Every structure is written in structure tokens, then in C-alpha cells.
1. For residue 78, are the conditions met, namely being under 29 Å from residue 277 (Cα atoms), open to solvent by 70 Å² or more (accessible area, probe 1.4 Å) and in contact (Cβ under 8 Å) with a residue 60 or more places away in the chain?
2. Please find, within the stretch 98-121, the residue that is nearest to residue 286 (Cα to Cα) out of those that are over 23 Å from the mean Cα position of the chain (by Cα) and either open to solvent by 30 Å² or more (accessible area, probe 1.4 Å) or within 16 Å of the ligand (Cβ to nearest atom) (or both).
3. Determine if the stretch 186-207 includes at least one residue that is open to solvent by less than 70 Å² (accessible area, probe 1.4 Å) and free of Cβ contacts under 8 Å to residues at least 12 places away in the same chain.
4. Taking into account only those residues within the stretch 241-256 that are among the hydrophobic types (A, V, I, L, M, F, W, C) and either at pLDDT below 95 or touching a Leu at 6+ places or on another chain (Cβ under 6 Å) (or both), which is most open to solvent (accessible area, probe 1.4 Å)?
5. Of all residues in the stretch 267-309, which are modelled with pLDDT under 95 and more than 16 Å from the ligand (Cβ to nearest atom)?
6. When you look at residue 30, is it of a type in the set (S, T, N, Q) and either open to solvent by 80 Å² or more (accessible area, probe 1.4 Å) or within 16 Å of the chain's Cα centre (by Cα) (or both), yes or no?
7. Mind checking which residues of the stretch 30-47 are more than 20 Å from residue 85 (Cβ to Cβ) and either assigned to a strand (DSSP E or B) or away from the ligand (no atom under 16 Å from the Cβ) (or both)?
Amino acid sequence: MENKSEDVVIIGTGCAGLTAAIYTARANLNPIVFTGTMPGGLLTTTSIVENFPGFPDGIDGYELMTKLQKQAERFGARVEFATVEAADLSKRPFVLTVDGERVVAKTIIISTGAGHRHLGLESEHLLDKKGVTYCATCDGALPMFRNQPLVVVGGGDSACEEAQYLTRFGSTVYLIHRRDSLRASKIMAERTLANPKIKPVWDSVVTEVLDVKQDKVTGVRIKNLKTNVEATLDCAGLFVAIGHTPNTQLFKGVLDMDENGFLKRTEGSHTNVPGVFVAGDCSDHVYRQAITAAGMGCAAAIDCERFLGAENS
Ligand code: NAP
């Protein structure tokens, strides 16, 4: 028997997905939202969000996402802790496989966000969760990092934020960046470089994480890209903060994406498949802010509502 067709399925519950949920719920489209494995998205792992309009004193990332979900649910959005495993977008209605169950959808809003980029070293992979981490807020307070030298890799806002946060726990925080100036916003860069516990290591990359034999992080091998000089830096933790890759593997070969996997929009939030819309970090490699993701979620909801309205008129 054919399952009842959902009007709107939203994949992902970051700022984009939950804003799309608020708008489609208020448009009486009764959206169902699948969270994936990280309800609330990457923002739940951040500490204080200082640049989301409306919160002059900042707001905790987890709290912001919890409030967004409550707001969506207040208008009838159904938020389910489930993962979309497959998507057949070859004809409408679309068919999704969600935790093994078949879900039929007239329209889909993809807001699957992005995951942490890795350095790509074998030793990094082998020491993952044994001192290598991608989230200072999640792991920084672990006893293994207390009063120890720590390393952060990256030069963007994330790396600066992580480094500042880690000064609460580590003895010294080395910020290793492959160039000689930070990419981070001016305010973040200034704060970071003014912190006496943060020691920048310029023009350098991590070539190996030590020590796989001991099954824990004891240091990193670094190489200065200008001089080619290699050195070892003792540390108990390696925090990698070098950007993100979009969570779009599910749609490879079906939806148009750029060479890095970011979904392409045709007009507004439309994709190359009519009835499939995108919002947030999975399709944005330029702005990547909580507020721009929320704005894109709003736009996708409006596009989706108009698309369904045109079909029913
Ligand atoms: P990002 O801005 O893309 O920065 C990534 C950094 O990692 C860059 O400095 C880059 O170096 C470096 N990098 C990339 N690949 C590398 C590799 N393989 N090895 C070594 N270094 C590598 O990413 P992000 O810091 O995660 O920020 C993403 C977005 O979120 C940005 O728009 C940012 O403004 C926003 N954000 C905002 C806040 C805030 O406002 N509080 C906090 C976090 C993030 P290069 O500079 O040489 O390219």
C-alpha cells in the first residue's frame, strides 16, 4: 500500500531546517523534520553565539537550537530523531528511506548542514577520540587536556573560538596556521592574538600526530612551509578546526553540486529537481552563519509553499 504523502519533509535540524519548519508549519503544511544523528546541528557544539540578532548578551548554541525547535513544534512541526538513509528523487512524489522506513514526500527541503573537515593524516584518524578532536566545546574539559599544552589547527573563526575556549583548560594553546595571518573576523583575530595563553605558530602544517604506538596524543610533527624546517611540539590534544564539508553525499549524481559537494541552487532555493529545495551550510560556502542559514531556511519554506500552491491551484 502506498504511504500517505507528506507535503513537506525537511532533512536536518540546524538553523536552516528549523526555520524552514517554523515557516512551513505556520503555512499549515504540517512539515515533518528528520534530525539526523546531530539534532540541532553543529551550533549545538558551540559555546556562546554572540552574533545572532536579538540576543545582546549572546546565547548558548544549544539553548538557541532548543528554542528554535520548540518554536517550530509550537506551530505543529513534527521533529523526529531519525536519519534519512536514501532518497529516490527520480519522480514525484519522492521516496525517502528513513531508519529503514519508507516515507513519501511531495516536496523536500534539504538542510543537512556540514561536518568537520579532517587533515587527512592516517595518524589523525588512528588517534581520533584519543586526543584528536574536532570540537573544543564538546571535549575541551576532559581530564586528559587539563593543564596540558594543546594544539589547535586552523586560522578561521572556528580555530580562534576553539583556541580561546581551550585556554580555560590547557596550560598553553598553540594555534598552528598554514599562513602568516588569520582568516578569522577582525574581532576574533584580535582577541585571540591578545590572549597570553595562545601562542601562534605561523606558516606551518601538522604532518603527523604522535604517538600512534602509545595510542594517545603526545605531540605533533609540524613543518614550516616557508623554511621546510620540521619540529615536534609536545601536546596532549589536537583540535582540528579547518572548516567543513557539506553533508550531501546522499544526493551525489542526482542534485547538481559544485566540486566540493555544496548543492547548487537554480533560482532562489530551488535545485535542479523541481520540488526539492535547499537551505543552509549544505549549499553555502560563502556566508555560513547561523543567521544566513536561518534566512535561507525561511526562503526555502516560502519557495516550497509557493510551489505546492501553484500545483494545487
Ligand atoms: P574557514 O573560515 O573556512 O577557515 C578554515 C581555516 O582552516 C582557514 O584558516 C584555512 O586556511 C584552514 N585550513 C583549511 N584547510 C586546511 C588544511 N587542510 N590544513 C590546514 N589548514 C587548513 O572555517 P571556519 O573557521 O570553520 O568558519 C566557517 C564559517 O563559520 C565562517 O564563515 C566563519 O565566519 C563562521 N564562524 C563564525 C563564528 C563566530 O562568528 N563566532 C565561529 C565559528 C565559525 P586558509 O586561511 O589558509 O584558507
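The values are calculated or read from the model by the stated rules, or taken from the named source; none is laboratory data. Nothing here was measured: the structure is a model prediction, and the numbers come from that model. As a convention, Cβ positions derive from the backbone with ideal geometry for all residues, glycine included, and neighbour counts pool all protein chains shown. Ligands, DNA and RNA are stripped out before the accessible areas are found, and what is left, the full protein with its side chains, is counted by its heavy atoms. Shrake-Rupley method; radii C 1.70, N 1.55, O 1.52, S 1.80 Å.
1. Judged against the criteria, residue 78 is not a match.
2. Among residues in the stretch 98-121 that are over 23 Å from the mean Cα position of the chain (by Cα) and either open to solvent by 30 Å² or more (accessible area, probe 1.4 Å) or within 16 Å of the ligand (Cβ to nearest atom) (or both), the one nearest to residue 286 (Cα to Cα) is 106.
3. No, the stretch 186-207 contains no residue that is open to solvent by less than 70 Å² (accessible area, probe 1.4 Å) and free of Cβ contacts under 8 Å to residues at least 12 places away in the same chain.
4. Looking at the filtered set, the residue picked out is 254.
5. If the condition is that a residue be modelled with pLDDT under 95 and more than 16 Å from the ligand (Cβ to nearest atom), then 267 is the only one that fits.
6. no
7. 30
Yes or no, residue by residue, for (1) crowded, with 17+ Cβ neighbours inside 10 Å; (2) among the acidic types (Asp, Glu); (3) touching a residue at least 40 places away in the same chain (Cβ under 8 Å):
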{"residue": "8", "(1), (2), (3)": "yes, no, yes"}
{"residue": "14", "(1), (2), (3)": "yes, no, yes"}
{"residue": "23", "(1), (2), (3)": "yes, no, yes"}
{"residue": "34", "(1), (2), (3)": "yes, no, yes"}
{"residue": "37", "(1), (2), (3)": "no, no, yes"}
{"residue": "46", "(1), (2), (3)": "yes, no, yes"}
{"residue": "50", "(1), (2), (3)": "no, yes, no"}
{"residue": "54", "(1), (2), (3)": "no, no, no"}
{"residue": "66", "(1), (2), (3)": "no, no, no"}
